[in-house]
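Note sheet for the following structure.
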Amino acid sequence: MTERVITLKNFFEEARAGRLTAIKCGHCGELAIPPKEFCPGCQQRAWSAVPLSGMGTVVSFTIIRVPPRGAPAPAPYAVAVVKLDEGVSLLGRVVDIPFEALKAGLPVRFRPLVAEHQTGIGFGPA
Amino acid sequence: MRRVAVIGVGVTRFGKHDLTSAELFAQAARDAIIDADISPSAIQALYYGNVTGGEGEHQLHLGPLAATLLGLPTIPTTRFENACATSHAAFRHAVTEIASGSSDVVMVGGGERVLNVPTEAATEYFAYCSDASFEQPAGLTFPGVFALIARAHMDKYGTTEEQMAHVAVKNHRHGALNPKAQFQNEITLETVLKSAYVADPLKLFDCCPFTDGGAAIILAGEEVVRARKRAVWVLGTQAATDTMFMHEKRDLSRVPATERAAAGAYRQAGLGPADVDVVELHDCFTIAEIVATEGLGFFEPGTGGFAAEKGWTSLGGKLPVNPSGGLKAKGHPIGATGAAQIAEIATQLRREAGPRQADGASIGLVHTLGGNAATVLVSLFGRD
């Protein structure tokens, strides 16, 4: 058994369709995004894919005012680390939430940010 | 294992140059050879650091190029890339080569050139040091990475933007004493606090600049060190890694790789934080200095901002941090930074730092962080 339960490509194909997926260790219960070969917690290899609700709360955030070349949106835009309700975290761009409303603990909901060749992780109002 | 010493150091002026990164390194390497008072032919290997040569200069295979421009085209050489910790990582491997007995004299260094490209291009290249699946598509920049850390530290401990500003003011005050620093001007708290946000809560003056520069150090095994009085001994050197994904870091207010690398280096050296007299650490952003002073064990978690505000980390304070001006004022040519930090600590321990000399500097520590806090190296140095 050497195939991955889920690859980065699968993860983003699912995300593009609005579905977030984590992998869960069948040995210690650790949830992870993205997939890895061995569980960082217990070093076992007993992953299965589990669907996530997409609901979570902001852990930390920033407002990018000096963007890189090829930025996904005109600056300023917000980026946040979000702890999902299932306990695993994910980083994404925040959309449709005023900057002033951003704070740790703010409830948000996953949404895919679909560009032509790439799917980005986004979070909007819960 | 054999003891290993730093026997020569060289650093270019930091700032804008019309020289390639490999030329910048070669100039610093020349100065290191003169400083060590050895023949160039004594050098048996080059451990070379550069990060953005492929992107900004369309140049890879940089180790042989650097050796060729130095005039030592036949020594074995390897190019290292560990984001901003690049040449400190190269240093650790060079120490191992000498300690193992494979070589007696090895050069470590780096060169970086980024001021030849527009800021948005340099920002893009640096962002390649964060993850390309989640972080780059979200538009996360390096100031953004440390802004996430800053926000978490502020929320958890009440650290303020003013406390962060104190780090910038202090490092500019030190940089004004360093003739090779990119910024040799003092600034006020107001200058920092009124500067524009780059990635909230970090403002322009919380951020180190883009920098061109080169640095080199020469290492030697104990039996071949001739000028023992000037030798600066490597007492410990450790690397640590943490998850590459910002979203997997369990506590954004801390850098676990700093804590683990420091613990290993202290153990190797048989020393603790209280033994350290002078520090060069990775202040790519003001919050990075605050978090590093906590992770290295100098101050309790959450009190690094208070220590900065009280002046404890200033020259003349309890523990001088970044007497060179740090990345903030001296500048940050990323592939050369680790070697430049080690060069500064060697200079401090030899008591040759002139107006920026830390009093009673006998034990020095160097801390270099790479990328999104995924790589950290910590090394300790001392004199006989």
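Here is how the numbers come out for the structure above:
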| quantity | calculated |
| --- | --- |
| Built amide H within the under 5 Å cut-off of B:Thr375, gap 5+ | B:Asp242, B:Gly370 |
| Hz values of 3J(HN,Hα) by residue in the range B:360-366 - Karplus curve (6.51, -1.76, 1.60), Gly and Pro given as x | x, 7, 10, 10, x, 10, 10 |
| Across A:Lys103/B:Lys194; A:Lys103/B:Lys16; B:Lys180/B:Lys203; A:Lys83/B:Lys170; A:Lys103/B:Lys203; B:Lys156/B:Lys318, pairs whose alpha-carbon gap is larger than 30 Å | A:Lys103/B:Lys16; A:Lys83/B:Lys170 |
| The protein assembly as shown, dipole about Cα centre (Lys/Arg Cβ +1, Asp/Glu Cβ -1), debye to the nearest 20 | 340 debye |
| Where N is the number of residues in the range B:5-71, Cα Rg divided by 2.2 N^0.38 Å | 1.14 |
| Centre separation in Å (Cα based) which lies between the range B:70-135 and the range B:199-224 | 11 Å |
| Relative pair counts by distance (%), Cα atoms of the range B:166-236, 10 Å bins | 16, 31, 23, 19, 10, 1 |
| Cα-based shape type of the range B:103-188, given that a ≥ b ≥ c are square roots of the gyration tensor eigenvalues and the cut on a/c is 1.5 | oblate |
| Exposure proxy ranking, count of Cβ atoms within 10 Å, fewest first, for B:Glu120, B:Glu190 | B:Glu190, B:Glu120 |
| Between the range B:307-384 and the range A:69-126, the alpha-carbon center distance in angstrom | 37 Å |
| Per residue Cα convex hull volume in Å³ - calculated over the range B:257-341 | 97 Å³ |
| For the range A:55-125, size of Cβ-based charge dipole, Lys and Arg +1, Asp and Glu -1, in debye | 160 debye |
| Pairwise FRET efficiency - B:Arg267 versus B:Glu186, Cβ, R0 = 30 Å, nearest 0.05 | 0.20 |
| Acute angle (nearest 10 degrees) that the helix B:86-99 long axis makes with the longest principal axis of chain B, alpha-carbon atoms | 40 degrees |
| Modelled FRET efficiency - R0 25 Å, B:Lys310 with B:Asp251, Cβ distances, 0.05 increments | 0.50 |
| Average beta-carbon neighbours from other chains, 10 Å sphere, peptide A:68-76 | 6 |
| Amide H contacts under 5 Å for B:Lys203, placed H, 5+ residues apart | B:Val198 |
| Proportion of all alpha-carbon pairs of chain A beyond 27 Å (%) | 23 percent |
| Calculated on alpha-carbon atoms, Rg and Dmax of the range B:1-128 in Å | 14.6, 47 |
| Chain B, helix-only ellipticity at 222 nm - DSSP H runs n ≥ 4, -39,500 (n - 2.57), divided by all residues, nearest 500 | -10500 deg cm²/dmol |
| Cα centre as origin, Lys/Arg/Asp/Glu Cβ charges: the range B:196-275 dipole, Debye | 360 debye |
| In Å, descending, principal axis extents of the Cα set of the protein assembly as shown | 67, 56, 44 |
| Among A:15-21, A:67-73, B:132-138, the order from most to least packed when residues are scored by Cβ within 10 Å on average | B:132-138, A:67-73, A:15-21 |
| All-pairs alpha carbon distance profile, chain B, 20 Å steps from 0, percent | 33, 60, 7 |
| Partner chain coverage, peptide A:51-62 - average Cβ within 10 angstrom | 4 |
| Inverse of mean 1/r across different Cα pairs in the range A:8-52, Kirkwood, Å | 10.6 Å |
| For the range A:19-50 versus the range B:27-58, the gap between their alpha-carbon centres in whole angstrom | 44 Å |
| In order through the range B:307-314: 3J(HN,Hα) via Karplus (6.51 cos²θ - 1.76 cosθ + 1.60), integer Hz, x for Gly, Pro | 4, 5, 4, 7, x, 5, 9, 7 |
| Selection from B:Met107, B:Leu369, B:Pro301 lying farthest towards where the dipole of the protein assembly as shown points positive, charges on Cβ | B:Pro301 |
| For B:His282, residues with placed amide H under 5 Å, excluding near neighbours | B:His367, B:Leu369 |
| Rg ratio (alpha-carbon, reference 2.2 N^0.38 Å) - the range B:285-384 | 1.03 |
| Projected area averaged over orientations for the range A:55-125, convex hull of C-alpha atoms, nm² | 4.7 nm² |
| Within a Gaussian network of chain B (alpha carbon springs, distance under 10 Å), most fluctuating of B:Arg226, B:Arg30, B:Arg13 | B:Arg226 |
| FRET efficiency estimate (nearest 0.05) - Cβ-Cβ, B:Thr74 to A:Phe38, R0 45 angstrom | 0.60 |
| Vicinal HN-Hα couplings computed from phi for the range B:276-281 (Karplus, 6.51 cos²θ - 1.76 cosθ + 1.60; Hz; Gly/Pro x) | 7, 9, 8, 9, 10, 10 |
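Where a number appears in this text, it was derived from the coordinates with a stated rule and is not lab data. All of these numbers come straight from a predicted model, not from anything done at the bench. Counting neighbours? That spans all protein chains shown, and the Cβs are built from the backbone with ideal geometry, glycine included.
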